[in-house]
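The values are calculated or read from the model by the stated rules, or taken from the named source; none is laboratory data. This is a predicted model, so every value here is computed, not measured. We place every Cβ from the backbone using ideal geometry, glycine too, and count neighbours over all the protein chains shown. Heads up: the accessible areas ignore ligands, DNA and RNA and are worked out on the full protein's heavy atoms, side chains in. Shrake-Rupley method; radii C 1.70, N 1.55, O 1.52, S 1.80 Å.
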Amino acid sequence: MKPPHAGKSRLRGAAGTPPGADGHAELVLALAVDTLTAAIGAAGVRRVLVVGSEPATLTELNGLGVEVVVEQGAGGLNAALSHGAALLRGDDPDSVVAALQADLPALRSVELAEALAEADERRAFVADRHGTGTTLLVSAPGGPLGPLFGTDSARSHLESGAVALTLAAATLRSDVDTPDDLVHARALGLGCRTTELVGTPCCVT
């Protein structure tokens, strides 16, 4: 994660969100809190780690039962995810690791668990609802994560040999980058932390 004040620039001033720089940072953190809460509650998930460029700006996440670590160097998102995968594998080199976007405020734990089960020890990914981005990337046991996030990452992951998972998983596919994405996530039912800010019904994950 970037520092919250610097992330999700296209959401600045979205209808119903807190005004100002502090309000925007609060929204970005809320998206992450609801995503992480759902991830922690998913069957099969043993450990959750957040890689941040400035961990001191992410202290609110510490109380969730996740680990917050600093990225190494300035290699961007994919380098940060590879670093996180290596840390998770430190004591268990044959484990399955996964990269999850931190902007899935409607995520249900059960949908994440279903995706991990469908991956079934294959390197696999879940495309976003537009079919172009990636919300979840899963490694094979002991295999490389190989993150290729960025423009048209779904195609990049497919061309790299990852399997495209087919489950519906509407909440897992609904990352929030734009005001329209936030409207869509609201319709699905936001997690409690984001609900506190945008005033829509709270949905238990």
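Structure notes:
- DSSP assigns beta bridges within the chain; of those with both partners inside it, close to 55 percent run antiparallel.
- Table column - 3J(HN,Hα) (Hz), the range 61-67, Karplus curve with 6.51, -1.76, 1.60, x for Gly and Pro: 7, 4, x, 8, x, 10, 9
- Debye equation applied to the C-alpha atoms of the range 96-179, log10 I(q)/I(0) at 0.17 Å⁻¹: -0.59
- Computed Kirkwood radius, in angstrom, where 1/r is averaged over Cα pairs of the range 33-90: 12.0 Å
- Each residue of the range 180-188 was assigned a 3J(HN,Hα) from its phi angle through the Karplus expression (A = 6.51, B = -1.76, C = 1.60, θ = phi - 60°), giving 4, 4, 5, 4, 5, 5, 4, 5, 6 Hz with x at Gly and Pro.
- Stretching the chain fully between C192 and R46 yields a gain of 50.3 nm (0.36 nm per residue, less the alpha carbon separation).
- Built amide H within the under 5 Å cut-off of V50, gap 5+: E67, V68, V69
- The chain - mean residue ellipticity at 222 nm from DSSP helices (-39,500 (n - 2.57) per run, n ≥ 4, rounded to 500): -10000 deg cm²/dmol
- Here the chain exposes an accessible surface that is 54 percent carbon and sulfur, computed with a 1.4 Å probe and the other protein chains kept in place.
- The distance between label points at A21 and V183 comes to 3.0 nm (points 7 Å beyond Cα on the Cα→Cβ vector).
- Normalised radius of gyration (Cα atoms, divided by 2.2 N^0.38 Å) for the chain: 0.95.
- For D128, the residues whose amide H sits under 5 Å from its own are G133, T134, T135, ignoring neighbours fewer than 5 places away on the same chain, with H placed 1.01 Å from N.
- Solvent-accessible area per residue in the range 1-160 equals 46 Å², computed with a 1.4 angstrom probe and all protein chains kept.
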